[in-house]
Amino acid sequence: MSKINLTQNDLESNLATTDEFWTTFNDNISFNPIWKATFSAMDADNWKKYLFDNNTSHINILIKNFPILKNEFPVGFGLGFIFTNYRMIYNSDKALYSIPIMNIMKYDTQGFNTSLSARIVYIDGEKKYIHPKLILDPSIYKNVIEKNHFEKLNETQVYLLKQKITDLEQLGLNCPSIDFGESSEKKVVEQNIGIEKTESSLKVIRGSLIGAISLIVLSFLVLVVGNTDNSKSSSKKSIGADCLPRSIKSHSMSGSTLTVQLTTNYSVNAEYCAADIMYNAFNIAKTCYPNISRLVVNYSIEFTNKYGEKKQADLGTFEPNLSTLRRYPSDHMYKAGEPTTLFNIYNVFTSNGFR
């Protein structure tokens with residue numbers, strides 16, 4: 001495709017606004033059968049909040065880097081991939097690719113569920129190749145091909161799919177900005193403002209109570225100091241048990257080894273289940289039981305089979321390196337910083353048929 005001299009009118013005619021993007025996305029959740037099962041019972045605000053809480057990084061890669069066409073919407077993401085009904089985005093260590101679906105010649109399933117390199121062949125003036133370690137579930141790509149939404153795109157729209165926002169800005173063009181909108185971001189701000197107003201109204205009451213509270217606290221400290229060792233021991237035990245995630249069905253302690261039975265829900269895909277295992281392990285070992293020397297996570301999965309029956313399957317055991325885990329400041333950084341661990345857990349899910 002030859003270069004097109006884009007104008008501001010081309011952008012305004014072809015690119016989506018924030019409201020258009022989210023409305024189109026929400027209206028087409030059923031495009032992905034797993035998303036349909038997961039999100040169909042949610043209203044638009046709760047659905048967007050779920051994405052805001054769990055998929056911000058994926059959504060931001062799309063909306064902060066690329067112009068979004070009208071009627072374009074995500075249909076699947078994970079393992080560095082984002083698929084929309086019009087394109088494939090792949091975020092590798094070397095580059096961020098945006099490839100129109102019609103330019104993909106091959107989306108090779110070789111390597112799916114293995115450590116072998118999968119291969120993607122596409123046309124961008126010439127034949128080019130991408131060799132990711134894993135590829136997103138091939139059924140998502142197949143679904144995009146079968147629905148064939150991209151067939152009606154004109155030359156300008158296909159050209160825009162390959163541009164980045166920075167490319168358009170360098171041409172002096174103003175690309176519509178897309179964000180999460182009010183339903184997730186503004187509500188959080190409003191809640192914080194409400195808290196601040198409440199805090200302000202309580203300052204006078206606090207001031208009048210400080211003297212009395214100080215006396216009570218001093219008296220309490222005198223009593224506590226005499227029982228420091230017993231108090232610490234009791235507190236640690238209570239905090240550990242109370243802060244365990246709800247996905248932990250049972251737990252037992254033997255010396256400094258904690259063994260837990262963790263159940264994850266098959267609501268999105270195998271990568272999310274693997275990430276859930278890592279998130280829970282992190283919070284257990286770093287927050288709930290920071291003094292254990294070994295954590296054994298026996299994990300299972302709850303799912304609904306094709307007959308609509310609720311099922312559960314025991315899958316494997318995960319023993320994280322606690323010294324490594326506790327060096328990370330957050331669970332998300334732990335997952336991002338240990339891709340091999342994520343990959344190994346992911347392989348357990350996929351080898352048992354969970355994509």
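The values are calculated or read from the model by the stated rules, or taken from the named source; none is laboratory data. Note that the coordinates shown come from a computational prediction; the quantities given were computed from them, not determined experimentally. Every residue, glycine among them, receives a Cβ derived from its backbone with ideal geometry; neighbour counts consider all protein chains shown.
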Task: Selected residue (only one of N85, N103, N154 is in the same structural domain as K48 (by TED's automatic domain parsing), under 21 Å from S2 (Cα atoms) and at pLDDT 95 or above) - done: N154
Task: Count - residues of the stretch 239-260 that are within 30 Å of K36 (Cβ to Cβ) and not hydroxyl-bearing (S, T, Y) - done: 4
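To keep it simple, each residue is scored yes or no on (1) of a type outside the set (A, V, I, L, M, F, W, C); (2) loosely packed, with under 14 Cβ neighbours inside 10 Å; (3) farther than 19 Å from T264 by Cβ; (4) not assigned by TED's automatic domain parsing to the domain that holds K249.
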{"residue": "I277", "(1), (2), (3), (4)": "no, no, no, no"}
{"residue": "F282", "(1), (2), (3), (4)": "no, no, no, no"}
{"residue": "A285", "(1), (2), (3), (4)": "no, no, no, no"}
{"residue": "V297", "(1), (2), (3), (4)": "no, no, no, no"}
{"residue": "N305", "(1), (2), (3), (4)": "yes, yes, no, no"}
{"residue": "G316", "(1), (2), (3), (4)": "yes, no, no, no"}
{"residue": "S323", "(1), (2), (3), (4)": "yes, yes, yes, no"}
{"residue": "Y328", "(1), (2), (3), (4)": "yes, no, yes, no"}
{"residue": "H332", "(1), (2), (3), (4)": "yes, no, no, no"}
Open item on the list: Under 7 Å between Cβ atoms, which residue pairs at least 6 apart in sequence (or on different chains) link something in the stretch 20-33 that is more than 25 Å from P138 (Cβ to Cβ) with a partner that is of a type in the set (S, T, Y) and at pLDDT 95 or above?
Closed with: none
TODO: Hey, could you check the stretch 10-61 for residues that are surrounded by 19 or more Cβ atoms within 10 Å (Cβ to Cβ) and part of a loop (DSSP other than H, G, I, E, B) and say which is modelled with the highest pLDDT?
DONE: A16
Task: Meets criteria (free of Cβ contacts under 8 Å to residues at least 40 places away in the same chain, outside the structural domain of Y272 (by TED's automatic domain parsing) and on the phi < 0 side of the Ramachandran plot) for A41 - done: yes
